[in-house]
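Written below as structure tokens is the structure these notes are about.
The values are calculated or read from the model by the stated rules, or taken from the named source; none is laboratory data. All values derive from a computational prediction rather than experimental measurement. Every residue, glycine as well, gets a Cβ built from its backbone with ideal geometry; the counts of neighbours run over all protein chains shown.
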Amino acid sequence: MVLFGGESHPDATTITYLSDTWTWDGTRWSMQGVEGPSARSGAASASLGASTVLFGGAHAQGALADTWIWDGSRWAQLDVTGPSARAGAAVATLGGTVVLFGGAGDQGVLGDTWTWDGESWTQRLSSGGPSPRAAAVAATLQGRVVLYGGWNNGGLNFPDDTWTWDGSQWTQEQVEGPGAQFSDPTALLDCVAATLGVSMVMSCRGQTWLWDGSTWTLQKAGGPNVEGASMSSVAGVLLQFGGFDGVEDTSSTWTWSGQGAWTMLSAVGPSARTFPAAAAR
């Protein structure tokens, strides 16, 4: 997994944006001493072939709209036109493309759909499908991108809907979402998701949810009690790092194999942070 940036909160009023690059080899973290994107949090990141694409994010001056490629050893900024500036977009790889939806720009939340084919961005839909939102989770399952939740209306509304993208259109799945089980609509805010085996797994605030293509099911695995972490599927297990535990940023590394409980590793790696970008490769 390659992990980039994020934000830390040294005190209640300060946000520090980060620009370091780390890789996880299945056993340990290694800091990569390379130049790359400027400091930011909430960037969208996904792997395509042997490369990882990173788009946008936000820093103190607002949202960003630049596209970068990580080839395993260095970053390269691409001179391409694509989505408008945004952070918190949902992103997943489907076949030979990376699919990006929504996010929050300087003028509000967005509801457009874009794809990246390794060379250029293409806007597939300017609207239609899921309502505009940021911080939705997305992962690929059974030949479709699955998208769930997020927030809109200035963070006052939290959709509890599940959508799938088949490469050309969005379809709303007529199922009850995890949020229906909670009186607090913020209970599933800033979750993370990844594909593990034949299921999509969502980790959020100490809970682990599984989507099997038709139903959401709460697992008995517990999970890291944080929001705004990063997660990817690496070598047949889920790897989750960082996030905010309600008091402070964390720097813990967790794994889950799909059975039993989550395990916190003793690995030393990136500093404590929230909203880092990460992707398996």
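For the reader, a short list of remarks on this structure follows.
- Segment 12-32, subset farther than 15 Å from Ser271 by Cα and of a type outside the set (Val, Ile, Thr), residue modelled with the highest pLDDT: Asp25
- Count of residues meeting criterion [crowded, with 17+ Cβ neighbours inside 10 Å, under 16 Å from Cys191 (Cα atoms), more than 14 Å from the chain's Cα centre (by Cα) and not aromatic (Phe, Trp, Tyr)] in segment 136-159: 2
- A residue that is assigned to a strand (DSSP E or B), of a type in the set (S, T, N, Q), in contact with a strand residue (DSSP E or B) (Cβ under 6 Å, 6 or more places away or on another chain) and buried (at least 18 other Cβ atoms within 10 Å of the Cβ) cannot be found anywhere in segment 12-19.
- Selected residue (only one of Ser73, Ser30, Ser45 is part of a strand (DSSP E or B), surrounded by fewer than 18 Cβ atoms within 10 Å (Cβ to Cβ) and not aromatic (Phe, Trp, Tyr)): Ser30
- All told, Val109 falls short of being crowded, with 24+ Cβ neighbours inside 10 Å and not in a loop (DSSP other than H, G, I, E, B).
- In a residue-by-residue description of segment 85-106, the property of being on the phi > 0 side of the Ramachandran plot and in a strand (DSSP E or B) applies to at least one position.
- Figure legend. Inter-residue proximity from segment 237-258: first residues over 23 Å from Pro10 (Cα atoms) and touching a residue at least 40 places away in the same chain (Cβ under 8 Å), second residues surrounded by 16 or more Cβ atoms within 10 Å (Cβ to Cβ) and polar (S, T, N, Q), beta-carbon distance below 6 Å, spacing 6+ or different chains. Indicated pairs: Val237/Thr255; Leu239/Ser232; Leu239/Thr255.
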